[in-house]
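Asker: Below is a structure I'd like to ask you about.
Quick note: the coordinates plus some simple rules give every number you see, no bench work behind them. Predicted, not measured: the structure shown is a model, and the values here were computed from it. Note: ideal-geometry Cβ built from the backbone for every residue, glycine included; neighbour counts use all protein chains shown.
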Amino acid sequence: MAAKKSTVMSGIKEYLEQCPAIATYVEALGREVNVNYLNEPEKSYSISQEPNEPWVKKYVDGTGIKLITVTFSSREAYGPAVIENLQVCGFYEELEEWIEGNNRERNYPDLGEKKKAMGIALATTPYLFDTSRTKAKYQVTIQIKYYQEV
């Protein structure tokens, strides 16, 4: 049986699942962070890659610095109850602080062979993207810069 090849997106997924704010729900509800699919139940999470110019700097030997942009989305309870909406704000604040702290400590995702993360940061503030009567989709854009070997 062939070994599972690690991809950049799988590394980002595994990294985000370590965030205490996310891990709490992933473990309690028996879910995981999906890739390119946001399920309907509340407390569902997903990441999806966004378009961007991948090369920040490319060297003649084929190595260089690359950038990947992903959107982290969540499905949350939504309605007139201010406390529920504030809890979502708190969740995203915790996620933001965790990412910023990890960046300061240089604790980055494992992006796979021949890729070494150099930085991670939020590219947008978290925001309400879409709503229904009882649920909402919130999201935030995250950028990861990494060194690509040949």
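Asker: Assign one of three labels to the chain, namely rounded, prolate or oblate, based on the Cα gyration tensor with a ≥ b ≥ c the square roots of its eigenvalues; rounded applies when a/c is under 1.5, prolate when it is not and a/b is larger than b/c, and oblate otherwise.
Answerer: Prolate, since a/c reaches 1.5 and a/b exceeds b/c.
Asker: Using the structure shown, select from K43/K137; K115/K145; K43/K66; K116/K137; K57/K115; K58/K145 the pairs with a Cα to Cα distance greater than 20 angstrom.
Answerer: Pairs exceeding the cut-off: K43/K66; K116/K137.
Asker: Where the only charges are on Cβ atoms (+1 Lys, Arg; -1 Asp, Glu), what is the dipole of the chain about its Cα centre, to the nearest 20 debye?
Answerer: Numbers: 18 positive and 21 negative charges, 110 e Å.
It works out to roughly 520 debye.
Asker: Follow-up question, since we're still on this one. Counting other Cβ atoms within 10 Å, which trypsin sites (Lys or Arg not before Pro) in segment 1-59 have at most 14 and lie in a DSSP loop?
Answerer: K4, K5
Asker: Run the numbers on segment 1-64 and let me know its relative contact order in percent, using alpha-carbon pairs under 8 Å that are six or more apart.
Answerer: Across segment 1-64, relative contact order equals 20 percent.
Asker: Tell me which trypsin sites (Lys or Arg not before Pro) from segment 87-120 have a DSSP coil assignment and no more than 16 other beta carbons within 10 Å of their own. Before the final figure, lay out the partial values.
Answerer: Values: sites: R104, R106, K114, K115, K116; in loops: R106, K114.
For trypsin sites (Lys or Arg not before Pro) across segment 87-120 that sit outside H, G, I, E and B with at most 16 neighbouring Cβ atoms in 10 Å, the list reads R106, K114.
Asker: In nm, give the distance between the simple-model label positions of R31 and S48, each being 7 Å from the Cα along the Cα-to-Cβ direction.
Answerer: 1.6 nm
Asker: Further question on the same structure: Add -39500 (n - 2.57) for each DSSP H run of 4 or more in the chain, then divide by its residues: what number comes out at 222 nm, to the nearest 500 deg cm²/dmol?
Answerer: Rounded to the nearest 500, the figure is -9500 deg cm²/dmol.
Asker: Along the charge dipole of the chain, which of Q143, T63, P20 sits closest to the positive end, that is, farthest toward it, with unit charges on the beta carbon of Lys, Arg, Asp and Glu (+1, +1, -1, -1)?
Answerer: Result: T63.
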